[in-house]
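Asks: Below is a structure I'd like to ask you about.
Every number in this text was worked out from the coordinates using simple rules, so none of it is lab data. Computed from a prediction, not measured in an experiment: that's the story for all the values here. So basically every Cβ, Gly included, is an ideal-geometry build from the backbone, and we count neighbours across all protein chains shown.
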Amino acid sequence: MITPVITIDGPVASGKGTVARKVAQALGFHLLDSGAIYRAHAIACLSRNLDFNEINVLEEQAKALSLRFEGEKIWLDGADATDTVRSEAAGMAASTLSAIPEVRAALLQRQRDFAEAPGLVADGRDMGTIVFPNAPLKIYLTTTAEVRAGRRAGQVAAQRLAALEEDTAKGLIEKGNSPIITGLLETLRAQVQNEVEAQIRQRDSQDKSRAVAPLKPALDAIVIDNALHRPTQTVDAVLALWKLRAARL
Ligand code: DC
């Protein structure tokens, strides 16, 4: 029997990672975060100071990528690289390198190998169009760049607050959940909103305009505007759609 695959594609910060993880948990399926593979490749290239114009070298690095997923942890070249791989710099470099057809081709089979019984939920940009074109259920999650930036800005603001000078951070944390923390977070969030929105627009434009495997919904994908629902509602909708599809497999 062919392993069933649910694909969840969409732009940066569309919430596809969260939805994919929850759907996989609910069904007991494996999970493929394909963006993490492209990010890990980008980090491997950056840490080796590889020239982004040397296509053959970038392709060889993609073939030789030493990468292992262990729950939420990502091991690259034998070391825990979870935080580095999740950084915005890794996302941006991955967006650039993933436009190279040779790099994509070198990483293709590695992604397909995730399809194992009892099933797989795969999230990314081209899961429904290229990697798993025969998947019985394809979802495309999206919403406006402004809404996506609003969500991401909250996370960035919290990271920046945590990274403040140790004494300052300690003093603030001792005040607990005081209005000072809330006010500071809101100020930081407003400051980073424009910055984050510009990054998101740039990444959207790179991912959509590349010649090979551009970000777009598969013709048979169901498009969901993830801003109209709470994440749990989107997860429930995907699970309900899967129940209908699975009954006909
Ligand atoms: O989903 P993400 O933000 O982790 O992905 C990082 C970059 O990797 C994204 O901007 C484009 C690239 N990517 C891709 O080209 N194809 C995929 N299936 C997943 C990610």
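Asks: Step through the table entries Lys16/Lys243; Lys208/Lys243; Lys73/Lys208; Lys63/Lys243; Lys73/Lys216; Lys216/Lys243, compare each Cα-Cα distance with 27 Å, and write down the pairs that go over it.
Replies: Lys208/Lys243; Lys73/Lys208; Lys63/Lys243; Lys73/Lys216, as the Cα separations exceed 27 Å there.
Asks: Would you calculate the separation in nanometres between label points at Ala79 and Val223, each defined as 7 Å from the Cα along the Cα-to-beta-carbon direction?
Replies: 4.3 nm
Asks: Rounded if a/c is under 1.5, else prolate if a/b beats b/c, else oblate: with a ≥ b ≥ c from the C-alpha gyration tensor eigenvalues square-rooted, which is region 60-117?
Replies: Note, shape of region 60-117 comes out oblate.
Asks: Then there is this: Distance from the Cα centre of region 1-29 to that of region 41-62, in angstrom?
Replies: After rounding, the separation between the Cα centres reads 28 Å.
Asks: A follow-up question, please. Evaluate E = 1/(1 + (r/R0)^6) for Ala247 and Gln109, where r is the Cβ-Cβ distance and R0 equals 30 Å; express this FRET efficiency to the nearest 0.05.
Replies: E(calc), rounded to 0.05, equals 0.45.
Asks: Here is a follow-up. Over the chain, what is the percentage of antiparallel beta bridges among all DSSP beta bridges, to the nearest 5?
Replies: Around 25 percent of the beta bridges assigned by DSSP in the chain are antiparallel ones.
Asks: Still on this model: When the helix-only estimate is applied to the chain (DSSP H runs of n ≥ 4, each -39,500 (n - 2.57), divided by the residue count), what is the mean residue ellipticity at 222 nm, nearest 500 deg cm²/dmol?
Replies: -17500 deg cm²/dmol
Asks: Can I ask one more? Within 11 Å, Cβ to Cβ, of Gly91, how many net charges do the neighbouring residues add up to if Lys/Arg are +1 and Asp/Glu are -1?
Replies: Once positives and negatives cancel, what remains is +2.
Asks: A follow-up question, please. Between the DSSP loop rule and a limit of at most 16 other Cβ atoms within 10 Å, which trypsin sites (Lys or Arg not before Pro) in region 1-89 are left?
Replies: Within region 1-89, the qualifying trypsin sites (Lys or Arg not before Pro) (loop, at most 16 other Cβ atoms within 10 Å) are Arg48.
Asks: I want to verify a result. In a Gaussian network model of the chain, Cα cutoff 10 Å, which of these has the top mean-square fluctuation: Ser95, Ser14, Ser87?
Replies: Its mean-square fluctuation being the largest, the pick is Ser87.
Asks: Which shape class, rounded, prolate or oblate, goes with the chain when its Cα gyration tensor gives a ≥ b ≥ c as root eigenvalues, a/c under 1.5 marks rounded, and past that a/b bigger than b/c marks prolate?
Replies: It comes out oblate by the Cα gyration axes.
Asks: Distance from the Cα centre of region 195-249 to that of region 92-146, in angstrom?
Replies: If you average the Cα positions of each part, the centres end up 11 Å apart.
Asks: Now, a different point. Less than 12 Å Cβ to Cβ from Gln61, Lys/Arg counted +1 and Asp/Glu -1: what total charge do the surrounding residues give?
Replies: Value of the local net charge: -4.
Asks: Sticking with this structure for a sec: Once both labels are modelled 7 Å past Cα along the beta-carbon direction, what's the Arg201-Thr18 spacing in nm?
Replies: With each label placed 7 Å out from Cα toward Cβ, I get 2.4 nm.
Asks: For the modelled label position 7 Å from the Cα of Arg48 along Cα-to-Cβ, which residues of region 58-90 have backbone nitrogen atoms closer than 12 Å?
Replies: Under 12 Å, as judged by backbone N against the label point of Arg48, lie 58-67, 77 of region 58-90.
Asks: Take every Cα pair under 8 Å in the chain that's 6+ residues apart, average their separations, divide by the length, and report that relative contact order as a whole percent.
Replies: For the chain, the relative contact order is 32 percent.
Asks: Once the Cβ-Cβ distance between Ala64 and Ile180 is put in as r, and R0 is 45 Å, what FRET efficiency do you end up with, to the nearest 0.05?
Replies: For R0 = 45 Å, the calculated efficiency reads 0.35.
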